[in-house]
Amino acid sequence: MKNIGQLMKQAQQMQSKMAEMQAKLAEAEMSGASGGGMVSITVNGKGDIKKISTDPKILNADDKEMVEDLIVAAYNDAKTKVEAFMQEEMAKMTGGLQLPPGMKLPF
């Protein structure tokens with residue numbers, strides 16, 4: 001029974017660390033850019049958009065599709081940075097423990 005008690009203690013510690021990491025992710029902000037910095041988007045660790053900045057030059061452009069593509073590209077860049085940050089934090093929390101393929105934490 002000693003092993004079960006120890007396992008439960010480890011599970012509680014992991015749960016506590018997971019809550020800390022989720023709070024840290026919610027506070028973290030990453031920015032992504034596209035078009036050589038013409039469009040910049042800042043997202044939080046949950047992927048919510050916090051800010052969009054655009055160069056005034058593109059707002060005068062007649063190419064609506066180009067502007068839309070730049071916004072999507074900037075968001076995807078920011079999202080990639082958030083995911084990388086999340087992976088780094090997970091590695092720190094789990095001590096490099098490899099999760100089974102397809103298992104994503106904390107979401």
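Bridging of K92 to lysines at a Cα separation below 21 Å is possible for K9, K17, K24, K46, K79, K81, K104, once same-chain residues fewer than 8 apart are set aside.
Legend: ranking of residues I58, I71 from fewest to most surrounding C-beta atoms inside 10 Å; resulting order I58, I71.
Estimated at 0.36 nm per residue, the fully extended path between A26 and K51 surpasses their Cα-Cα distance by 7.5 nm.
Sorted fewest first by neighbouring Cβ atoms within 10 angstrom, D63, D69 come out as D63, D69. Only one residue of T80, L70, I58 has its Cα farthest out toward the positive end of the dipole of the stretch 26-93, where Lys and Arg carry +1 and Asp and Glu -1 on Cβ, and that residue is T80.
Computed over neighbours whose Cβ is under 15 Å from that of L59, the net charge equals -4, Lys and Arg +1, Asp and Glu -1. Taking a ≥ b ≥ c as the square roots of the eigenvalues of the alpha-carbon gyration tensor, the stretch 1-84 is classed prolate because a/c is 1.5 or more and a/b outweighs b/c. Extension gain for E88-K9 works out to 26.0 nm (0.36 nm per residue, less the C-alpha to C-alpha distance).
Read-outs: derived from the displayed coordinates by stated rules, not from any lab. Being a predicted model, the structure only gives us computed values, none of them experimental. A quick note on method: Cβ atoms are made from the backbone with ideal geometry, for glycine too, and the neighbour counts reach across all protein chains shown.
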